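The values are calculated or read from the model by the stated rules, or taken from the named source; none is laboratory data. Everything numeric here is computed off the predicted structure, so don't read it as measured data. Here the Cβ positions follow ideal geometry from the backbone for every residue, glycine too, while neighbour counts run over all protein chains shown.
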Amino acid sequence: MAFSPIVLIVDDMPSGRQSLESLLQEQGYELFLAESGPEALRLAAELHPDVILLDVMMPGMDGYEVLGHLRADPTLAEVPVVLVTALDDLESRIKGIEAGADDFISKPFDRTELRAHVRTITRLNRYRNLTEEREKLRRLSHQMIDLQEHERRSIAMELHDEVGQSLTGLKHIMEHVRKSAREPNTTDQLDIGLGMIGELIERIRNLSLNLRPSMLDDFGLYPALSWLASRSREQNGMKISCNFNEFDEGRYPPAIETAVFRIAQEALTNIARHSKAKHAELKLIINPDAILFEACDDGLGFDPEVVKENHFSSGLSGMQERARMADGQLNIQSSPGKGTIIRATFPVKGVAAK
Ligand SMILES: Nc1ncnc2c1ncn2[C@@H]1O[C@H](COP(=O)(O)OP(=O)(O)O)[C@@H](O)[C@H]1O
Ligand SMILES: [Mg+2]
């Protein structure tokens, strides 16, 4: 996508604004002018400029203060800011660096130097690229997750309905043959074959369930979560209780059902793998305007900040992504020694209304 970089010029003096404007005119930028700090902040929020040329000396709110406000605003913190200072004013530059300036130009302006600075900084175009890339990646990852869920569902059905049923049919035939077989050699081999078929049926069933349990589509969250919990109990010998505030077969938007199920699945895997907990609990609370899911354990806990920094944590960020895809929010509450609570909230209108 071709666009002209947006340059916001901030100076209280008309002469300052004009000289910058004339030096940058016809260089392929879209130029905007602000006369004061507050106006600069308002325009910055509206335009999301590619670079801000910010005069330091202004009455009222000076350049440092403007810079401070920009850096404190998450949506503007990354916008490149070039401070305009008096020539060789080392002190202002140091103060500027501390306040978060990216670059400096000094008055009176050297035409070539000024153009080069602005060109370099807009070409890097850090801010816009970053946010656009991030957005693109997020969309892509949502599409991938959707696609994966779709694939899993169809493979699970194929395994269960086609392969599973054929195997069951085969088993019946073999059992029939086994009954009428007389030759000990043959009956032995048939027994072995039947044993193998039985194992295969079991394996196919588990594969299908792990991919995507059909009960989630057929009966909804309550049975699917209960099943997850009981399987985790069997496999890990852990005490896991389910606390659901409704026991009917309530159905909720499919995106939310899938999100909750996958979050629960990952949370239980993490509890089994990392927590050393004695007891874990799955909670599902349906309110008139929200669905709340929690997975709690009384295990080792961890520091989410430390994990975020030191760990490419695909599990935890996958949960975040799942929640976001269904317009929900995920919150991780954990600290060493104090157990872990994974909480996902999904706003919905009138879910409990029947
Ligand atoms: N319930 C939990 N109890 C203790 N530690 C946990 C729990 N869940 C996650 N963690 C910690 O957070 C880290 C990141 O988890 P995750 O993103 O799922 O990655 P992975 O499970 O592959 O290590 C884990 O390695 C573990 O240190
Ligand atoms: Mg994990």
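Has region 264-271 got at least one residue that is in contact with a strand residue (DSSP E or B) (Cβ under 9 Å, 6 or more places away or on another chain), more than 22 Å from Leu211 (Cβ to Cβ) and of a type in the set (Gly, Ala, Ser)? Taking every residue of region 264-271 in turn, none turns out to be in contact with a strand residue (DSSP E or B) (Cβ under 9 Å, 6 or more places away or on another chain), more than 22 Å from Leu211 (Cβ to Cβ) and of a type in the set (Gly, Ala, Ser).
Scanning region 270-306 for residues being exposed (fewer than 14 other Cβ atoms within 10 Å of the Cβ) and either within 11 Å of ligand 2 (Cβ to nearest atom) or among the β-branched types (Val, Ile, Thr) (or both) gives a total of 2.
Within region 300-321, residues that are at negative phi and free of Cβ contacts under 8 Å to residues at least 60 places away in the same chain reach partners that are more than 10 Å from ligand 2 (Cβ to nearest atom) and among the charged types (D, E, K, R) with beta carbons closer than 6 Å, at six or more positions or on different chains, in the pairs Leu300/Lys276. The set of residues from region 159-194 being within 26 Å of Pro213 (Cβ to Cβ) and of a type outside the set (D, E, K, R) comprises Leu159, His160, Val163, Gly164, Gln165, Ser166, Leu167, Thr168, Gly169, Leu170, His172. Filtering region 309-320 to residues that are away from ligand 2 (no atom under 12 Å from the Cβ) and touching a Leu at 6+ places or on another chain (Cβ under 8 Å) leaves only Gln320.
For Arg152, are the conditions met, namely being within 32 Å of the chain's Cα centre (by Cα), of a type in the set (D, E, K, R), surrounded by 11 or more Cβ atoms within 10 Å (Cβ to Cβ) and assigned to a helix (DSSP H, G or I)? In short, yes.
Residues that are of a type in the set (S, T, N, Q), buried (at least 16 other Cβ atoms within 10 Å of the Cβ) and either in contact with a His (Cβ under 9 Å, 6 or more places away or on another chain) or closer than 19 Å to Tyr222 by Cβ (or both): does region 322-335 have at least one? No, every residue in region 322-335 fails to be of a type in the set (S, T, N, Q), buried (at least 16 other Cβ atoms within 10 Å of the Cβ) and either in contact with a His (Cβ under 9 Å, 6 or more places away or on another chain) or closer than 19 Å to Tyr222 by Cβ (or both). Which residue out of Ala229, Ala255, Ala259 is under 17 Å from His279 (Cβ atoms) and not in a strand (DSSP E or B)? After ruling out the rest, the residue left standing is Ala229. Note on region 282-304: among residues that are away from ligand 1 (no atom under 11 Å from the Cβ) and of a type in the set (Asp, Glu), the one that is nearest to Glu257 (Cα to Cα) is Glu294. Pairs meeting the criteria (first residue in region 46-58 and closer than 12 Å to Ile105 by Cβ, second residue hydroxyl-bearing (Ser, Thr, Tyr) and part of a strand (DSSP E or B), beta carbons under 6 Å, at least 6 apart or on different chains) are Val56/Thr85. Of a type in the set (Ser, Thr, Tyr), farther than 21 Å from Asp146 by Cβ and in a helix (DSSP H, G or I) - does that describe any residue in region 265-277? Taking every residue of region 265-277 in turn, at least one turns out to be of a type in the set (Ser, Thr, Tyr), farther than 21 Å from Asp146 by Cβ and in a helix (DSSP H, G or I).
Selection over region 234-256 of residues that are charged (D, E, K, R) and either surrounded by 20 or more Cβ atoms within 10 Å (Cβ to Cβ) or within 16 Å of ligand 1 (Cβ to nearest atom) (or both) gives a count of 1. Region 1-72 holds no helices (runs of 4 or more DSSP H) entirely within its bounds that carry 3 or more residues that are basic (Lys, Arg) and surrounded by fewer than 20 Cβ atoms within 10 Å (Cβ to Cβ).
For region 336-353, a residue qualifies if it is surrounded by fewer than 16 Cβ atoms within 10 Å (Cβ to Cβ), modelled with pLDDT of 90 or more and in a loop (DSSP other than H, G, I, E, B), and the qualifying residues are Pro336, Gly337, Lys338.
Could you pull out the residue among Lys338, Lys278 that is in contact with a strand residue (DSSP E or B) (Cβ under 8 Å, 6 or more places away or on another chain) and of a type in the set (Lys, Arg)? Among Lys338, Lys278, only Lys278 is in contact with a strand residue (DSSP E or B) (Cβ under 8 Å, 6 or more places away or on another chain) and of a type in the set (Lys, Arg).
Going by the structure shown, is Ser214 surrounded by 15 or more Cβ atoms within 10 Å (Cβ to Cβ), of a type in the set (Ser, Thr, Tyr) and within 16 Å of ligand 1 (Cβ to nearest atom)? No. In region 186-208, the count of residues that are surrounded by 14 or more Cβ atoms within 10 Å (Cβ to Cβ) and in a loop (DSSP other than H, G, I, E, B) is zero.
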